[in-house]
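Structure record follows, encoded as structure tokens.
The values are calculated or read from the model by the stated rules, or taken from the named source; none is laboratory data. These figures come from a predicted structure and were not determined experimentally. For neighbour counting, all protein chains shown are included, and Cβ atoms are generated from backbone atoms with ideal geometry for every residue, glycine included. Heads up: the accessible areas ignore ligands, DNA and RNA and are worked out on the full protein's heavy atoms, side chains in. Shrake-Rupley method; radii C 1.70, N 1.55, O 1.52, S 1.80 Å.
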Amino acid sequence: MASWFDSEAWRFRWLPFLTATAGVVAVFLLQDIPMLRRHALLLALLAGLGFFLPTVRHRLLILFAYGLGLYFITKSVATWLRLPFGGLGLVEQLLWFLLGVFCVVSALGMGRRRPPEWAVALLMATLGLYFANYTYAEYTRNNWLQVIAGVGLTGAAFWHAATVWVEAETAPQNKA
């Protein structure tokens, strides 16, 4: 049993998946507490600081992809089932389900010591689609500051996905 906890499968697949599941459950349970809602951005930024530490960046990216995927899928399915924590629009139901599936596939791809480039590119393209949807939703509400931010986030996500994809295509292939 101890050898299983030291394995790559545990560290890069199961532990991030279980942690992300607990995080998504916590988000749904705690999202109505005013103090947490008010400081959610600060908490997200503090957690995001780990992306600047190379030793934990890979694990955080896997955790982020699983968490985001589970959240998208849960919101979509909850809307289909008319549960109280659903509340998505008609187009968002299908889009969020697909984005959730893409995030989970990306997390599964990144669940290796040296993740393939397509997994990171897929996650970035998925985030680009989400930010494009966010930008359009804010545009229909005439919230121009959010539209400007959404355009920037959409562009940054698609740019990063494209650069990762191009670097993967131009990198020399290691053939064993």
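Output the residues belonging to region 135-144 that are part of a helix (DSSP H, G or I) and either buried (at least 17 other Cβ atoms within 10 Å of the Cβ) or at pLDDT 90 or above (or both). Matches in region 135-144: THR135, TYR136, GLU138, TYR139, THR140, TRP144. Quick one: which residue in GLY150, GLY155, GLY111 is in contact (Cβ under 8 Å) with a residue 60 or more places away in the chain and small (Gly, Ala, Ser)? Checking each option against the conditions leaves just GLY111.
Table: residues versus (1) within 17 Å of PHE64 (Cα to Cα); (2) modelled with pLDDT of 90 or more; (3) among the polar types (S, T, N, Q).
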{"residue": "PRO84", "(1), (2), (3)": "no, no, no"}
{"residue": "GLN93", "(1), (2), (3)": "no, yes, yes"}
{"residue": "ALA107", "(1), (2), (3)": "yes, yes, no"}
{"residue": "MET110", "(1), (2), (3)": "yes, no, no"}
{"residue": "PRO115", "(1), (2), (3)": "yes, no, no"}
{"residue": "GLY155", "(1), (2), (3)": "no, yes, no"}
{"residue": "VAL164", "(1), (2), (3)": "no, no, no"}
{"residue": "GLU167", "(1), (2), (3)": "no, no, no"}
{"residue": "GLN173", "(1), (2), (3)": "no, no, yes"}
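Take ALA161 and decide whether it is crowded, with 19+ Cβ neighbours inside 10 Å and of a type in the set (Gly, Ala, Ser). Criteria met by ALA161. Residue pairs whose Cβ atoms lie under 8 Å apart, separated by 6 or more positions or on different chains, with the first residue in region 12-27 and touching a residue at least 40 places away in the same chain (Cβ under 8 Å) and of a type in the set (Lys, Arg) and the second surrounded by fewer than 20 Cβ atoms within 10 Å (Cβ to Cβ) and in a helix (DSSP H, G or I), are ARG13/LEU108.
The condition of being among the aromatic types (Phe, Trp, Tyr), without any contact (Cβ under 8 Å) to a residue 24 or more places away in the chain and within 23 Å of PHE28 (Cα to Cα) holds for only one of TYR130, TYR139, TYR134, that being TYR134.
Note on region 23-62: residues that are open to solvent by less than 60 Å² (accessible area, probe 1.4 Å) and modelled with pLDDT of 70 or more total 9. Among the numbered conditions (1) touching a Leu at 6+ places or on another chain (Cβ under 6 Å); (2) of a type in the set (Gly, Ala, Ser); (3) open to solvent by 30 Å² or more (accessible area, probe 1.4 Å), the only one that ALA149 does not meet is (1).
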